[in-house]
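J.: Take this structure, written in structure tokens, and hold onto it; I'll ask about it next.
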Amino acid sequence: MNFNSTFLLRMAIAIILLVHSVPGMFNGGINAFGNLYLDAIGFAPFGLCLAWLIKLSHVAAAVCLIFERYVKWAVLITIAILIAGIALIHWHEGWFVVGGGRNGVEFNFLLIIALLTIQFPTGWAKKE
């Protein structure tokens, strides 16, 4: 495990991804998300499979972030899923997750920026 400048951010996002995914594997949340939501918005009959792939990718990304292995792939895939979540679920709810609204895009936006910070810890500028 590398205790570099992104260590705390990697650990925080790994925890968020795990807490967002693992309970649903045991309490029926993934089944509900796949069968009741994804199938209903047009992914039938693949909603349940897609829901499991999303949640398993979150777990895999968390492990990659913790051990700092395959981080580029973990970040890329997770950002793609977060953008899809914004487009399919959160966008029509507005910006706020709580307070000024419910279930909006702000949390996904923050996660995307945090993942980009992990991916590019020194920014995009070329070093000379």
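Where a number appears in this text, it was derived from the coordinates with a stated rule and is not lab data. In this text the structure is predicted, and so the values were computed from the model without any measurement. Positions of Cβ are backbone-derived with ideal geometry, glycine not excepted, and every protein chain shown enters the neighbour counts.
J.: For the chain, set up a Gaussian network in which alpha carbons nearer than 10 Å are linked by springs, and say which option among Phe46, Phe33, Phe67 fluctuates the most.
T.: Greatest mean-square fluctuation among the candidates belongs to Phe46.
J.: Suppose R0 equals 25 Å; then what is the FRET efficiency for Glu93 and Ile15 from their Cβ-Cβ distance, rounded to the nearest 0.05?
T.: 0.55
J.: State, as an integer percentage, the relative contact order of the chain based on alpha-carbon contacts under 8 Å between residues 6 or more apart.
T.: Worked out over the chain, it gives 22 percent.
J.: Quick one: Cα centre-to-centre distance for the range 96-128 and the range 16-72, in angstrom?
T.: When both Cα centres are located, 20 Å separates them.
J.: Determine the gain in length on full extension of the stretch Leu53-Arg102; use 0.36 nm per residue of separation and subtract their C-alpha separation, reporting nm with one decimal.
T.: Between Leu53 and Arg102, full extension yields 15.1 nm more.
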